[in-house]
Every structure is written in structure tokens, then in C-alpha cells.
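In what follows, a single structure is set out as C-alpha cells and then discussed.
Every read-out reported here was derived from the displayed coordinates using simple, explicitly stated rules and does not represent laboratory data. Predicted, not measured: the structure shown is a model, and the values here were computed from it. Cβ sites come from the backbone with ideal geometry, for glycine too, and all protein chains shown count toward neighbours.
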Amino acid sequence: MSARGSRENIKILFVCTGNTCRSPLAESLLRERIDREELGQRVEVSSAGLFATDGAPASAMAVEIAAANGLELGGHRSRQLTEKILSGADLVIGMQPSHLFPLESLQNRGKPEFRLLVEFRGSGAESGSGIPDPFGGDRAAYEQAFTTIAQCIDGLTKYIRKKPGAKSGKRRN
């Protein structure tokens, strides 16, 4: 157990359908961002899918798009969202409303917090119904999903910085 008064890590869980495209891309982007912002000691990031097959690799196009943007998804393996995974999260971020609907009954417990990734896209941006699933689509569909996810990760990083215990090592008082 941690000492009284110490702050625990913020545990963020990205959720999508199969955990082979959107949520791994978001996880990878946020990991890169928290490393760059020196938030890694206070933030843990993971992903899972509502209908994932445990152990499946990221889709080939997701791996390709990630690599083109300096990210590594080759080692990603999908995992099915379980109660245990969910109960360990502080913030669950869905790619579409349908990823959060099945989890709504858990909101009454107060933890975790449930949000859509598009909520972090920025002021004035239209959130729509979420980030469309590029699975089975062409390169343009994956590029569009990646671009939208990246815009949302910018806002999410700002949100994380405001959370207690998530101060960047780069900030000076």
C-alpha cells in the first residue's frame, strides 16, 4: 500500500470495439505524449475492446499509420474488456457512445469517470457521435481516424495536466 497522503497514478483506459485500431492508436499516442510531457510517472495508459479477441495484433493498416507517425503498434495485442480491467481505471474513454452505453450502470459507483474521446477535441469542434471505426476501410479512413484521435489527445493531455498529481516535470514554479 502507498503511504498516507501520497498520490496514486491516474489510470486511463481507452475502449473501442475490437482493440485493434482506434483504442491502440489512442493508447500509443497518449503514451508518446505523456513521455514527452514527463507525465509518465503519474499516468498509466491501457486499452481494451468490448468485443475483442484476446491476443489479436493491431490491424495492419493501424500499424502502418502508427509507424508513419513515429509510433510503434507492432507489439500490441488486443484484450477483452473485463470487470477487473475496468475496475482498475480512473478514466474510461470510449471512441463512440456505443462503447460507453454498456458501462453506464457502473457510473453510479463514482469510479471510474466515463468520457468520449471526442469530448477532448477542443472548443468549437463538433464532436458528432465519436470516432468512426476504420477497420476494414482504406488508408484514408485510418488516416482520418488517426488525425481525429491526435487532435483529441492534445485536449486530453491538457485535461490530465490539470488533474492533481499529474504535474509535468517540465513545469517550473
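Label-to-label distance for residue 38 and residue 163 is 2.0 nm, based on points extended 7 Å past Cα in the beta-carbon direction.
Averaged over all directions, how much area does the convex hull of the C-alpha atoms of segment 10-162 cover when projected, in nm²? The partial results should precede the final answer.
Details: hull surface 34.7 nm².
Averaged projected area of segment 10-162's Cα convex hull equals 8.7 nm².
Put a dot 7 Å past the Cα of residue 60, heading toward its Cβ, do the same for residue 113, and the two dots end up 4.0 nm apart. Distance between the 7 Å Cα→Cβ label points at residue 143 and residue 82: 4.0 nm.
Across segment 50-64, coupling constants 3J(HN,Hα) worked out from phi with the 6.51/-1.76/1.60 Karplus curve, θ = phi - 60°, read 4, 10, 6, 9, 4, x, 6, x, 4, 4, 4, 6, 5, 4, 5 Hz, and Gly and Pro carry x. Going through segment 5-35, which GluC sites (Glu not before Pro) have at most 15 other Cβ atoms within 10 Å and a DSSP loop state? Answer by residue number: 8.
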